[in-house]
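S.K.: This is the structure, below, for whatever I ask next.
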Amino acid sequence: MVGAALTGRWLVGLDAVSGSALPDRRLVGGKAWSIAHMQSLGLPTPPAFAVTTEACLEYQRNGTMPDGLESELQAGMRWLERRSGRRFGHDENPLLVAVRSGAAISMPGMMDTLLNLGISQANLPALAAESGDAAFARDTYRRFLQLYAEVVLGTDCPDLKRDEGLGAWRARIERHARQAIPGDPMLQLHAAVRAVFDSWNSRRARRYRKHHGISEDLGTAVTVQLMVFGNLDDQSGTGVLFSRNPLDGAPAPYGEYLRRAQGEDVVSGKRTPESLDDLHAQSPRLHAQLLAAAGRLEESNREVQDVEFTVERGTLYLLQSRTAKRAPAAAVRIAVDMQREGAIDIGEAISKVTPAQVRSLLSPRLTARAASATPVATGNGVSPGVGTGVVVNSADEAERRAKQGEDVILATATTCPDDVHGMIAARAVVTEFGGSTSHAAVVGRSLGLPCVVGCGAGAVTSLGGETVTVDGGAGRIYPGILEIDCPDEREDECLRQLLNWVGERSPLRVLRPDEAPDEDILDLDALDAAADPDRLAGLLRGVEAASGRAIASDEGIAAALAANLRFIVAEPTLPPLLAAVQMSDG
C-alpha cells in the first residue's frame, strides 16, 4: 500500500480518474478494465480492486494460492473499507462484496461469480436495521449461501425454505456438501478467489474458448467489488442496457429491468424482467441518467455497449460495460450506421462484422406462406435465423445426436453455462423461461444461433422427439419442416453498402456463378479431399481459379490467398470477400 493507492504483486486497485492511465486489460481482465474506464469518465461505479490474471496463471501452474496473495487480499479489503466507510467481517456496518470473474476477452456466463460475501448470522441484525427490512437481510444471506454452495463447494444447493432458521440453512448445505463453510469471511474470500480461478478450466469455459478461438493461456482476473443491492426495496432494481438494439441494430437503447432483484436473477433466466420502460416509470431521472451514461460509453469505446447496472434506493450504479454481443443483422446495420454517423471509419466498420455473421444472415429463412403456419409454441425471439431438427431436452443428447449426423433442436427450461456444448451442436435453442439478456439469449446471439426464450412452463420440453422448425427472429416454433427462402445480399441496403466497401478493398476477386468466365475452374465440390481444410493448399497448387463450398469457407479463403488465385466463384459473395479483406488487414 502506498498512500491512497492499492498496489501489490497480485492486486490492482481500480481508482482511475480523468486523464489517468487505465490498467492493462490483459492484466486485470475486461470487467475490471471497464470499471476503471467508467471511473475515469466520472460515471457512478462501486469501488473495486482486481486480482490479476498473473495470479490466476501462477495458481494454475502450482495448484496453490500464489505466495503473498492472501495477505494482499487482506490489504485490499482494508482499502475497500476506507473507500466505502464499511467494515469487512464486523457485526456493525458490514462490508459485503461481489467476487466476479473477468477474462481479458469477454466470455459471458462461462465462469463463476459469488455475491454478498461478508454477510453472516452475526451481522444480519445490523443489515436488517440499516435497511429497515429483516426480510431483505434474510434473503441476502440465503442468496449468499446458495451461491457459496454452488460456486465454492461445488454442489447443488438444497432448497432453503424461507421459514427455516438461518442455522438450519447452513447445516443442510454442509451436510449436503460434506464440508463446512468457514466462519471467517477472509477464508471465504480466499475460497471464492480459488473457485473463480478454477472456473477458468471448467468444461463450459474450455468449450467456449475452443469454439471462439480464444487462447488457453490468458487466465482470468478476479474483481472484488463493493456490493450494491437491487433487491433492497421498491426503489431498487437491476438490469442490462444495450446502447443500440442487439437484435436488429436499431439506433435506440434496448434492455431490461427487474425491480427488487440482483443481477443473477436476470442473467440466470429464472425470472423474466420488464423492459427499460419500467425503469422510466419508476424514475424518469434515473432512466435519463442511464441512457446518457450508455451514450458516453459508446462514444468513448467506439463500440456498442452492454452495460450492467443496479439501482439501490434511487441511486444508479454501473457495474460493468463491455462490447455488446449482437445478432448478425444488428452487427451489419450497426457497423454501417456508425460509419455514416462519423463515429468510425470504413476500415473499422468492416472489422466489426464477421464472415460468420454474414453467412448466418444470408442463410435460409421462412417463406411468407410458411410463416403463416400455426406455431406449437411462441416466445421471445432473441437471435434471428431458422433452424430445423428433432427436439432434444439435454445438451449431452444434442451433442451426441449431432455427432451422428442428426439435426437437433435443444429445448430446455433454461440454459446455463454447462449447456454450451449442446448449444454449439444444435440448429436452434428454445427455452421456457428467461428474457433477452438471459444466458441462452446472450450465447445464442454470439453463436449466430436461432434462439427463442420465455416460451412458458412446459411449452417446449414437452416437444421432445418431434421435428420442428424454429424461427429465432419471430419467436415461433412450428411443427414439421417448413418452406424457406434464401436472402440476396444485393437487396438489403446495409449489406449492399458493406459489399461495396469490401469489393473495393479485397485482394481476391469473388465472382458469382453467372459472372464466371468460360475457362478452367477447379470445382472443389467434385473432390472428396476438399472436405479436409488441411488438404486445400495442395489441391490449389498450380490452380488459377476455384469454385465450391470449401473455397468459400474461411479456410478456403486463406488457402486461396496463399495460392494467389486470380479469382474464386461463390454465392453469396459477401462472406468470402469480407474474409479476404479481414485476413489481408490482419
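S.K.: Rank by packing, highest mean first: peptides 422-431, 69-78, with packing defined as the count of other Cβ atoms within 10 Å averaged across residues.
M.R.: Details: 422-431: 26.2, 69-78: 18.1.
Sorting 422-431, 69-78 by mean packing, highest first, produces 422-431, 69-78.
S.K.: Still on this structure, I have one more. What is the set of long-range amide H partners of residue 376 at a cut-off below 5 Å, with H atoms built 1.01 Å from backbone N?
M.R.: 477, 478
S.K.: Can I ask one more? Quick one: how many lysine pairs does the chain have with C-alpha atoms less than 19 Å apart and a gap of 8 or more or different chains? Give me the count, please. Please report the intermediate quantities before stating the final value.
M.R.: On the way: 31/325; 161/270; 210/325; 210/403; 325/352.
Taking the chain as the scope, the lysine pair count is 5.
S.K.: Note down the magnitude of the dipole of the chain about its Cα centre, charges +1 on Lys and Arg C-beta and -1 on Asp and Glu C-beta and zero elsewhere, to the nearest 20 debye.
M.R.: Details: 60 positive and 76 negative charges, 294 e Å.
With only Lys, Arg, Asp and Glu charged at Cβ, the dipole is about 1420 debye.
S.K.: Distance between Cα centroids, the stretch 550-586 to the stretch 107-131: provide it in whole Å.
M.R.: Each part's Cα centre sits 51 Å from the other's.
S.K.: Hey, what number do you get for the chain at 222 nm if only DSSP H runs of n ≥ 4 count, each worth -39500 (n - 2.57), divided across all residues, to the nearest 500?
M.R.: Working: 23 runs with 226 residues, N = 586.
Calculated mean residue ellipticity at 222 nm is -11000 deg cm²/dmol.
S.K.: What is the distance in Å between the Cα centres of the stretch 228-255 and the stretch 289-346?
M.R.: First find each Cα centre; the distance between them is then 11 Å.
S.K.: Related question: Given a Förster distance of 41 Å, report the FRET efficiency between residue 491 and residue 62 from their Cβ-Cβ distance, rounded to the nearest 0.05. Display every interim value, and only then the final one.
M.R.: Values: r = 58 Å, r/R0 = 1.42.
With a Förster radius of 41 Å, E is 0.10.
S.K.: Output wanted: per-residue J couplings in Hz (rounded whole) for the stretch 412-425, from phi through Karplus 6.51 cos²θ - 1.76 cosθ + 1.60, θ = phi - 60°, x for Gly and Pro.
M.R.: 9, 4, 9, 10, 9, x, 6, 9, 4, 4, x, 5, 4, 6
S.K.: Could you put 163, 407, 345 in order, starting from the residue whose Cβ has the fewest other Cβ atoms within 10 Å? Numbers along the way, then the final one.
M.R.: On the way: 163 5, 407 15, 345 12.
Exposure proxy ranking, most exposed first: 163, 345, 407.
S.K.: Further question on the same structure: At 0.36 nm per residue, and after removing the present C-alpha to C-alpha distance, how many nm does the segment from residue 93 to residue 71 gain when stretched out fully?
M.R.: Working: separation 22, 0.36 × 22 = 7.92 nm, distance 2.30 nm.
Stretched fully, the residue 93-residue 71 segment lengthens by 5.6 nm.
S.K.: For the stretch 64-69, just list the computed ³J(HN,Hα) in residue order, Karplus coefficients 6.51, -1.76 and 1.60, θ = phi - 60°, integers in Hz, with x standing in for Gly and Pro.
M.R.: 9, 4, x, 4, x, 5
S.K.: Is the shape of the stretch 218-258 rounded, prolate or oblate, going by the alpha carbon gyration tensor and its root eigenvalues a ≥ b ≥ c, with a/c under 1.5 for rounded and a/b larger than b/c for prolate? Before the final figure, lay out the partial values.
M.R.: On the way: a/c = 4.04, a/b = 1.18, b/c = 3.43.
Oblate shape, in that a/c is at least 1.5 and b/c is the bigger or equal ratio.
S.K.: Per 5 Å bin, what percent of the C-alpha pairs of the stretch 1-227 does each bin hold, from zero upward?
M.R.: Final binned percentages: 1, 7, 14, 18, 19, 16, 13, 8, 3, 1, 0.
S.K.: Could you list 166, 578 so that the one with the fewest beta carbons within 10 Å of its beta carbon is first and the one with the most is last? Each step should come with its number before you reach the end.
M.R.: Working: 166 16, 578 29.
Least crowded to most crowded, the residues run 166, 578.
S.K.: Within 10 Å, count the other beta carbons around each residue, average over each peptide in 549-556, 484-491, and list them highest first.
M.R.: Ranking the peptides 549-556, 484-491 by packing returns 549-556, 484-491.
S.K.: What percent do you get for the relative contact order of the chain when only Cα pairs under 8 Å and 6+ apart count?
M.R.: 11 percent
S.K.: Using a 10 Å cut-off on Cβ atoms, rank the peptides 391-402, 85-96, 513-524 from the highest mean neighbour count down. Please report the intermediate quantities before stating the final value.
M.R.: On the way: 391-402: 19.7, 85-96: 16.8, 513-524: 13.0.
Output ranking for 391-402, 85-96, 513-524: 391-402, 85-96, 513-524.
S.K.: Give me the dipole magnitude in Debye, nearest 20, for the stretch 37-163 about the Cα centre, with unit charges on the beta carbon: positive for Lys and Arg, negative for Asp and Glu. Walk me through the numbers before you get to the answer.
M.R.: Values: 12 positive and 16 negative charges, 60 e Å.
Taking the Cα centre of the stretch 37-163 as origin, the dipole is about 280 debye.
S.K.: Which residue, 472, 405, 513, has the largest displacement toward the positive end of the dipole of the stretch 397-523 when charges sit on each Cβ (Lys, Arg +1; Asp, Glu -1)?
M.R.: 472
S.K.: In addition: Fewest to most neighbouring Cβ within 10 Å: what's the order for 303, 493? Intermediate values should be presented prior to the final figure.
M.R.: Values: 303 20, 493 10.
Starting with the residue having the fewest Cβ neighbours, the order is 493, 303.
S.K.: Averaged over every viewing direction, what's the projected area of the C-alpha convex hull for the chain? Give it in nm², one decimal, please. All intermediate terms of the calculation are to be shown ahead of the outcome.
M.R.: Values: hull surface 113.6 nm².
Averaged projected hull area, Cα only: 28.4 nm².
S.K.: If you don't mind, another one. What are the residues whose amide H is under 5 Å from the amide H of residue 305, where those residues sit 5 or more places off or on another chain and H is modelled from the backbone?
M.R.: Answer set, sorted by chain and number: 243, 244, 324.
S.K.: On to the next question. What shape does the stretch 32-104 take by its C-alpha gyration tensor, where a ≥ b ≥ c are the square roots of the eigenvalues and a/c under 1.5 counts as rounded, a/b above b/c as prolate, and the rest as oblate? Can you show the working numbers first?
M.R.: Numbers: a/c = 2.64, a/b = 1.23, b/c = 2.14.
Oblate is the answer for the stretch 32-104, as a/c is 1.5 or above yet b/c matches or exceeds a/b.
S.K.: Given H placed on each backbone N at 1.01 Å, which residues far from residue 473 in sequence or on other chains put an amide H within less than 5 Å of it?
M.R.: Result for residue 473 returns 385.
S.K.: Give a residue-ordered list of calculated ³J(HN,Hα) values for the stretch 389-399 (Karplus: 6.51 cos²θ - 1.76 cosθ + 1.60, θ = phi - 60°; whole Hz; x for Gly, Pro).
M.R.: x, 8, 6, 10, 10, 9, 5, 5, 5, 4, 5
S.K.: What full-extension length gain, to one decimal in nm, is calculated for residue 5 and residue 248 as 0.36 nm per residue of separation minus the Cα-Cα distance?
M.R.: On the way: separation 243, 0.36 × 243 = 87.48 nm, distance 4.34 nm.
That pair, residue 5 and residue 248, stretches by 83.1 nm at full extension.
S.K.: Take the stretch 179-308, compute every pairwise Cα distance, and split them into 5 Å bins from 0; I just need the percent in each bin.
M.R.: 2, 9, 13, 14, 16, 17, 14, 9, 4, 1, 0
S.K.: How many angstrom lie between the C-alpha centres of the stretch 431-474 and the stretch 373-400?
M.R.: With the stretch 431-474 and the stretch 373-400 each reduced to a Cα centre, they are spaced 6 Å.
S.K.: Kirkwood hydrodynamic radius, the stretch 40-81, all distinct C-alpha pairs: what's the number in Å? Mind showing how you got there, number by number?
M.R.: Values: mean 1/r = 0.0832 Å⁻¹.
Averaging 1/r across every pair of different Cα atoms and inverting gives 12.0 Å.
S.K.: Assign unit charges at the C-beta atoms only (+1 for Lys and Arg, -1 for Asp and Glu), then state the dipole size of the stretch 365-485 relative to its Cα centre in Debye, rounded to the nearest 20.
M.R.: On the way: 8 positive and 12 negative charges, 50 e Å.
Here the stretch 365-485 has a charge dipole of around 240 debye.
S.K.: Which of rounded, prolate, oblate describes the stretch 365-485, given a ≥ b ≥ c as roots of the alpha-carbon gyration tensor eigenvalues and a/c under 1.5 marking rounded, otherwise prolate only if a/b is larger than b/c? Could the numbers behind the result be given before it?
M.R.: Numbers: a/c = 1.44, a/b = 1.19, b/c = 1.21.
Here the stretch 365-485 falls in the rounded category.
S.K.: Next question, about the same structure. May I have the extent of the alpha carbons of the stretch 454-534 along their three principal axes, as whole Å values ordered from largest to smallest?
M.R.: Principal-axis extents of the Cα atoms in the stretch 454-534, largest first: 57, 37, 25 Å.
S.K.: Which listed residue (242, 276, 261) has the Cα farthest towards the positive end of the charge dipole for the stretch 229-326, taking +1 on Lys and Arg C-beta and -1 on Asp and Glu C-beta about the Cα centre?
M.R.: Of 242, 276, 261, it is 242.
Coordinate-derived values only; no laboratory data. None of the values given here were measured: they were computed from a predicted structure. A quick note on method: Cβ atoms are made from the backbone with ideal geometry, for glycine too, and the neighbour counts reach across all protein chains shown.
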